[in-house]
Structure formats: C-alpha cells, structure tokens
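Working notes, beginning with the structure itself.
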Amino acid sequence: DAMVIQNPRYQVTQFGKPVTLSCSQTLNHNVMYWYQQKSSQAPKLLFHYYDKDFNNEADTPDNFQSRRPNTSFCFLDIRSPGLGDAAMYLCATSRAGVLNEQYFGPGTRLTVT
Amino acid sequence: AQRVTQPEKLLSVFKGAPVELKCNYSYSGSPELFWYVQYSRQRLQLLLRHISRESIKGFTADLNKGETSFHLKKPFAQEEDSAMYYCALSGDGNLIFGKGTKLSVKP
C-alpha cells in the first residue's frame, strides 16, 4: 500500500515552462517536505509544511514555490525551470518531532529540455 | 555549519565480511542521528536512529560525540544489504543528509 505517492514519476518540461509536481499521502501526517536531489548529491531540503505553516529554507530559490491545499496533498511549483533544476524531487511526510521517521515517496525525475 | 560527511562514495565487500560505513557530522548542539537506506528500485526509508540504540537487519550504529561520528556497522554482510546508505542528522526536525555511500556486497 503506497503511503506517499508522487505523480508523475517522470516529468519532462521545456526551459522556462512552468511545471507542477504533486505529492499525496495516506498517513495523515501533519508535516510534508520537498527535497531536491541531483545526481550523486545528498537530498537537499527545499521547504516543508507544518500543517498549513510554510517553512522555506534560506537558500531555496524563489523559482520554487509550494502549495498545500489540505492535509493529504502538497504541490511543488517551478515557475521558470532552468537546466540546473533537472533533478529527482522527493516528497516526504512525518509526524511533528525531531525523532520521527520521515516517509518518502518514490520521487519524480524532472528533465528540462 | 551543519554538515554530514560520508567519505566513501562506494564500498565493496564480499559476503560474510564485516562492513563499516563512515559518517561524520558537524553541528553546534546535540543532534539526532539517523541512517536511511535505499534499495534498488525502492524508496528511501529509515534504517535506524541513534536514540533507539537498536540493531536493524544486523546493523548497529554508535554515536561518538567526541569524534562527531555515527558509523554504521554490520559484522557479516549479506548480498541483500547492497543499497545506497545515507547518514542524516536532525536538530530541529528537518533532516540534513550526507551524499550517501553505495554498498555493494559481492557473492
């Protein structure tokens, strides 16, 4: 049973063309995260939602935005993708708390042409 | 600066050999440390956390605050242990990951 679902699994977009990646969860967790992972690099946190509170990492480019319309869904919007934004994008969820496990989705691989 | 360092990109051992995946961290405080694992074609998942002091799939990890290390160990590697292993720390609930070590266990 998939608990964190990401759609699509593969996304191709053109340089500068807005793109949205989606994530949904069946765990009813109050925290949702978006990570960017480039080849051979560590997953890097872009932002997270604690319930409806949006928390942006200081070095996340303005080009990246997020929406969380309800507990189950969270979206990553890239307003004007550049070639450097090609990466795997991982969604994760957890209960609030430093020790709580994060549950990851399978990721969406974004290609920018 | 908060940082997690995994010095080995690839670690290759034979089945039955001991394995140690190294992890060092930099954090101004008392972080929580984790190991996450990603098997082929599967999603990233938690392997173990230091606070639990548990052994999962034969793996253990001891937090050494003096050396700021959290190395992952297993006395006898199995082929099914082949995977990508990520060390991570959390100071405020958000995870900072290392770049990962690919473990390859050969028959």
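When the residues of the range B:79-94 are filtered to those that are outside any strand (DSSP E or B) and of a type in the set (S, T, N, Q), which remaining residue is most open to solvent (accessible area, probe 1.4 Å)?
Within the range B:79-94, the first condition is being outside any strand (DSSP E or B), and the residues that meet it are B:79-82, B:91-94.
Checking the rest, the ones that are also of a type in the set (S, T, N, Q) come to B:82, B:94.
On the way: B:Ser82: 42, B:Asn94: 23 Å².
Across the range B:79-94, the extreme among qualifying residues is B:Ser82.
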Across the range A:1-33, the tally of residues that are assigned to a loop (DSSP other than H, G, I, E, B) and within 11 Å of A:Met88 (Cβ to Cβ) stands at 1
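Return the only residue of B:Phe76, B:Phe97, B:Phe70 being surrounded by 18 or more Cβ atoms within 10 Å (Cβ to Cβ), out of contact with any Asp or Glu (no Cβ under 8 Å at 6 or more places or on another chain) and of a type outside the set (S, T, N, Q). Talk me through it step by step, then tell me what you get.
Details: B:Phe76 fails: surrounded by 18 or more Cβ atoms within 10 Å (Cβ to Cβ); B:Phe70 fails: out of contact with any Asp or Glu (no Cβ under 8 Å at 6 or more places or on another chain).
So the residue among B:Phe76, B:Phe97, B:Phe70 that is surrounded by 18 or more Cβ atoms within 10 Å (Cβ to Cβ), out of contact with any Asp or Glu (no Cβ under 8 Å at 6 or more places or on another chain) and of a type outside the set (S, T, N, Q) is B:Phe97.
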Please pick out the residue among A:Gln65, A:Gln11, A:Gln25 that is within 13 Å of chain B (Cβ to nearest Cβ) and modelled with pLDDT of 95 or more.
A:Gln25
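So, A:Asn7, is that one at positive phi, open to solvent by 60 Å² or more (accessible area, probe 1.4 Å) and in contact (Cβ under 8 Å) with a residue 40 or more places away in the chain or not?
Numbers: at positive phi: no; open to solvent by 60 Å² or more (accessible area, probe 1.4 Å): yes; in contact (Cβ under 8 Å) with a residue 40 or more places away in the chain: yes.
Spelling it out, it is not the case that A:Asn7 is at positive phi, open to solvent by 60 Å² or more (accessible area, probe 1.4 Å) and in contact (Cβ under 8 Å) with a residue 40 or more places away in the chain.
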If you go through the range B:30-42 one residue at a time, do you hit one that is open to solvent by 70 Å² or more (accessible area, probe 1.4 Å) and among the hydroxyl-bearing types (Ser, Thr, Tyr)?
yes
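Determine, yes or no, whether A:Leu110 is surrounded by 14 or more Cβ atoms within 10 Å (Cβ to Cβ) and either more than 9 Å from chain B (Cβ to nearest Cβ) or in contact with a strand residue (DSSP E or B) (Cβ under 6 Å, 6 or more places away or on another chain) (or both). Let's see the steps before the verdict.
Numbers: surrounded by 14 or more Cβ atoms within 10 Å (Cβ to Cβ): yes; either more than 9 Å from chain B (Cβ to nearest Cβ) or in contact with a strand residue (DSSP E or B) (Cβ under 6 Å, 6 or more places away or on another chain) (or both): yes.
Against the criterion (surrounded by 14 or more Cβ atoms within 10 Å (Cβ to Cβ) and either more than 9 Å from chain B (Cβ to nearest Cβ) or in contact with a strand residue (DSSP E or B) (Cβ under 6 Å, 6 or more places away or on another chain) (or both)), A:Leu110 qualifies.
Output the residues belonging to the range A:77-113 that are outside any loop (DSSP other than H, G, I, E, B) and of a type outside the set (A, V, I, L, M, F, W, C).
We begin by selecting, within the range A:77-113, every residue outside any loop (DSSP other than H, G, I, E, B); these are A:77-78, A:83-85, A:87-94, A:103-104, A:108-112.
Hits for the range A:77-113 are A:Asp77, A:Gly84, A:Asp85, A:Tyr89, A:Thr93, A:Ser94, A:Tyr103, A:Thr108, A:Arg109, A:Thr111.
So which of A:Ser66, A:Ser24, A:Ser72, A:Ser94 ends up being among the polar types (S, T, N, Q), closer than 29 Å to B:His50 by Cβ and out of contact with any Cys (no Cβ under 6 Å at 6 or more places or on another chain)?
Working: A:Ser66 fails: closer than 29 Å to B:His50 by Cβ; A:Ser24 fails: closer than 29 Å to B:His50 by Cβ; A:Ser72 fails: closer than 29 Å to B:His50 by Cβ.
Answer to the selection: A:Ser94.
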Does any residue of the range A:80-97 turn out to be open to solvent by 10 Å² or more (accessible area, probe 1.4 Å), within 8 Å of chain B (Cβ to nearest Cβ) and more than 11 Å from A:Val4 (Cβ to Cβ)?
yes
Answer yes if at least one residue in the range B:7-19 is within 14 Å of the chain's Cα centre (by Cα), at pLDDT below 95 and within 10 Å of chain A (Cβ to nearest Cβ), and no otherwise.
no
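The values are calculated or read from the model by the stated rules, or taken from the named source; none is laboratory data. Since the model is a prediction, treat every value here as computed from it, not as a measurement. Neighbour counts run over all protein chains shown; Cβ positions are idealised from the backbone, glycine included. These accessible areas exclude ligands, DNA and RNA; they are computed on the full protein's heavy atoms, side chains included. Shrake-Rupley method; radii C 1.70, N 1.55, O 1.52, S 1.80 Å.
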